[in-house]
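The values are calculated or read from the model by the stated rules, or taken from the named source; none is laboratory data. This one's a predicted model, so the numbers in the text were calculated from it and none came from an experiment. So basically every Cβ, Gly included, is an ideal-geometry build from the backbone, and we count neighbours across all protein chains shown.
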Amino acid sequence: MKFGIIKERKNPPDRRVVFSPEKLAEARAKFPQAEFVVEASEIRVFSDDAYRAKGFEVTQDVSDCDVLLGVKEVPIDHLIPNKKYFYFSHTIKKQPYNRKLLVAMLHKNIEMYDHETIVKQSGARLIGFGRYAGLVGAYNGFRALGLRDGLFKLPKVETLADFDAVKAELDKISLPNIKIVLTGTGKVALGAKEILDHLQIKQVSDALYLTSQFSEPVYVMADVMEYAKRSDGKVGDKWEFYKDPSGYESNFMPYAKESDVFIAGHFYGDGAPFIFTRDDAKHPDFRINLVADISCDIDGPVASTIRPSTIADPFYGYDPRTESEVAFDAKNAITVMAVDNLPCELPKDASEGFGDMFLEHVIPAFFNGDERGILKRAKITTANGQLTERFKYLQDYVDVG
């Protein structure tokens, strides 16, 4: 079986890759029956020569490969018919902007495996860039704080070599006496937590956080059952909430009244209550003045996130009174960081971490009869132009227009 590492062609350019040269060499050693080639790329974080140095063929033509491995969406005119593809297609939530991409894959008899759909039997994701989104998002939040309040100047992550360089920059700053609420307990939130812990910010319990003032920076990690509650007043259940959040409402205002900074690292599901609304943000006791929204759901659970921001221009302000965008450092505004492609800023580390997971969970499935069902669960489209049973719910999305 022949695997091809494809060139990323989406704009803005993404420098990440599924496998670093070192990890690809490890894959070759573990699976000598597999052949790996690399499509030439001038933007990838690892150079073509770095792959050549490990003995890999670098080519302009990957049309003889069986399986093609990428990160972001492949432009329709670059899709090769009758292949197996792995990349983030951004179609499984019926995203309107990528409907034509899914239709094209069906027409071209492509077997599509989305990185998001590579999951355990329980549905938990096996691979992704969540940790790196958390790392960069939290760093960017502190960068915004420093710039806005004239406290310090952190460089952009994209100008730094790797995560070690990020930590070295954080070692140079000192923080004011602020309170930070971090939502979530998954990979994104844990990535953000790494930054908070590196800065030696003290983690405190919910009870202490909500009732006390401190003489040093502190943070609390709020799980879903802390910031959401059952509408009927009964005790909530986390797993019940994940299955059906319709009977729940936000319980975030106690945190909003006690926090200066909100780092949003939660997962937001269909039907879940908003964390804070535009009316909440107008409340005189609403204290949050900076939101690092790593989750970045537009016009969703975090009212101040009215648009995504970019790596080039990562911050804007939200005026709660007018519900409109203002300068990121405007008086009485909430400063917002809502970059929606954060791992792109740390392409080397993100690619290395992603390759670890892909080699552990995905490549073996091609050679062990898919004994864990990983490929079966992940496959969205079939080689004869049909949606798989698991993804039949996308049929109306495909059929629109």
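A few notes on this one:
- In this structure, Pro314 qualifies as over 17 Å from Tyr87 (Cβ atoms), outside the structural domain of Pro12 (by TED's automatic domain parsing), within 16 Å of the chain's Cα centre (by Cα) and modelled with pLDDT of 95 or more.
- Meets criteria (free of Cβ contacts under 8 Å to residues at least 40 places away in the same chain, surrounded by fewer than 24 Cβ atoms within 10 Å (Cβ to Cβ) and in contact with a Pro (Cβ under 9 Å, 6 or more places away or on another chain)) for Pro308: no
- Per-region count, segment 75-93, residues in a loop (DSSP other than H, G, I, E, B) and touching a helix residue (DSSP H, G or I) at 6+ places or on another chain (Cβ under 8 Å): 6
- Filter result for the condition that a residue is in contact (Cβ under 8 Å) with a residue 12 or more places away in the chain, in contact with a Leu (Cβ under 6 Å, 6 or more places away or on another chain) and among the β-branched types (Val, Ile, Thr), over Ile5, Ile43: Ile5
- Any hit, segment 366-374, residues being surrounded by 12 or more Cβ atoms within 10 Å (Cβ to Cβ) and assigned to a helix (DSSP H, G or I): yes
- Of all residues in segment 1-56, those satisfying the criterion of being more than 22 Å from His361 (Cβ to Cβ), assigned to a helix (DSSP H, G or I) and in contact with a helix residue (DSSP H, G or I) (Cβ under 6 Å, 6 or more places away or on another chain) are Ala50, Tyr51.
- Complete set of residues in segment 375-401 that are surrounded by fewer than 12 Cβ atoms within 10 Å (Cβ to Cβ) and hydroxyl-bearing (Ser, Thr, Tyr): Tyr393
- Candidates Ile110, Ile118: the one that is closer than 17 Å to Pro343 by Cβ, not hydroxyl-bearing (Ser, Thr, Tyr) and not assigned by TED's automatic domain parsing to the domain that holds Tyr242 is Ile118.
- Checked against (1) in contact with a Gly (Cβ under 9 Å, 6 or more places away or on another chain); (2) modelled with pLDDT under 95; (3) among the β-branched types (Val, Ile, Thr), Ile127 passes all but a single condition, namely (1).
- One residue stands out in segment 23-39 among those that are free of Cβ contacts under 8 Å to residues at least 40 places away in the same chain and under 26 Å from the mean Cα position of the chain (by Cα): the one that is surrounded by the most Cβ atoms within 10 Å (Cβ to Cβ), namely Val38.
- Of all the criteria given as (1) under 17 Å from Phe354 (Cβ atoms); (2) touching a Leu at 6+ places or on another chain (Cβ under 6 Å); (3) of a type outside the set (Val, Ile, Thr); (4) not assigned by TED's automatic domain parsing to the domain that holds Gly317, the one not satisfied by Tyr87 is (2).
- For segment 284-309, filtered to residues that are of a type outside the set (A, V, I, L, M, F, W, C) and part of a strand (DSSP E or B), the residue that is farthest from Glu240 (Cα to Cα) is Ser309.
- Entirely in segment 186-283, the helices (runs of 4 or more DSSP H) that have 3 or more residues that are in the same structural domain as Pro320 (by TED's automatic domain parsing), at pLDDT 90 or above and within 25 Å of the chain's Cα centre (by Cα): 187-198
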